[in-house]
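A short write-up of the structure that comes next.
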Amino acid sequence: PLAPMSTLVLFTMLGVSVDDMVIIVDAFDRTSTRVSLEERIRVALSHAGTAVTMTSATTMVAFLSGVCVDLPSIQLFCAPAAASVLMVNVLQVTLFTALLVLDARRQEMGKLDCQSCLPHTLCVGGGERKPGAVGVA
């Protein structure tokens with residue numbers, strides 16, 4: 001059943017998922033750009049995957065222990081939260097990693113962040129890259 005406490009699960013999962021994203025992106029950024037993209041993802045997930053999986057597992061166990069409490073509102077919060085942690089973990093390792101690969105390919109092609117169909121020369125002006133300009137690293 002949907003309880004007023006159940007909506008708080010969304011905000012809890014937002015925090016868990018952002019934390020996982022930061023860990024994965026940091027591990028990816030620490031890899032060498034001299035190797036292939038597939039190798040970078042493999043190395044990043046071999047380092048970050050363990051941390052993300054362990055934190056998700058411990059968070060899920062904590063929420064599952066809350067299901068054993070005699071307070072119905074805590075049970076109605078913890079049951080969907082435990083299931084959501086598992087779903088967020090699967091999405092981080094599959095969907096977010098795929099989106100990270102697409103973003104890395106975009107960067108390799110020299111495309112902008114928010115308008116990836118346009119090259120830098122159209123947005124910055126004149127083909128020269130000005131330091132400090134919007135969209136220029």
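The values are calculated or read from the model by the stated rules, or taken from the named source; none is laboratory data. For clarity, every value in this text was computed on a predicted model and none was experimentally measured. Cβ coordinates were reconstructed from backbone atoms using ideal geometry, including for glycine residues, and neighbour counts include every protein chain displayed. Keep in mind that these areas ignore ligands, DNA and RNA; they rest on the heavy atoms of the full protein, side chains included. Shrake-Rupley method; radii C 1.70, N 1.55, O 1.52, S 1.80 Å.
How many residues are open to solvent by 80 Å² or more (accessible area, probe 1.4 Å) and of a type in the set (S, T, N, Q) if we restrict to segment 55-73?
Of the residues in segment 55-73, 1 are open to solvent by 80 Å² or more (accessible area, probe 1.4 Å) and of a type in the set (S, T, N, Q).
If the condition is being touching a helix residue (DSSP H, G or I) at 6+ places or on another chain (Cβ under 7 Å) and either closer than 28 Å to residue 24 by Cα or not in a helix (DSSP H, G or I) (or both), then segment 67-90 contributes 69, 77, 78, 79, 80, 81, 82, 84, 85, 86, 88, 89. For segment 32-66, a residue qualifies if it is more than 24 Å from the chain's Cα centre (by Cα) and in a loop (DSSP other than H, G, I, E, B), but none of them does.
Filter segment 1-54 down to the residues that are among the basic types (Lys, Arg) and free of Cβ contacts under 8 Å to residues at least 60 places away in the same chain, then identify the one that is least open to solvent (accessible area, probe 1.4 Å). Step by step, filter segment 1-54, then rank; the result is 42.
The number of residues in segment 81-106 being under 16 Å from residue 38 (Cβ atoms), over 13 Å from the mean Cα position of the chain (by Cα) and open to solvent by 50 Å² or more (accessible area, probe 1.4 Å) comes to 2.
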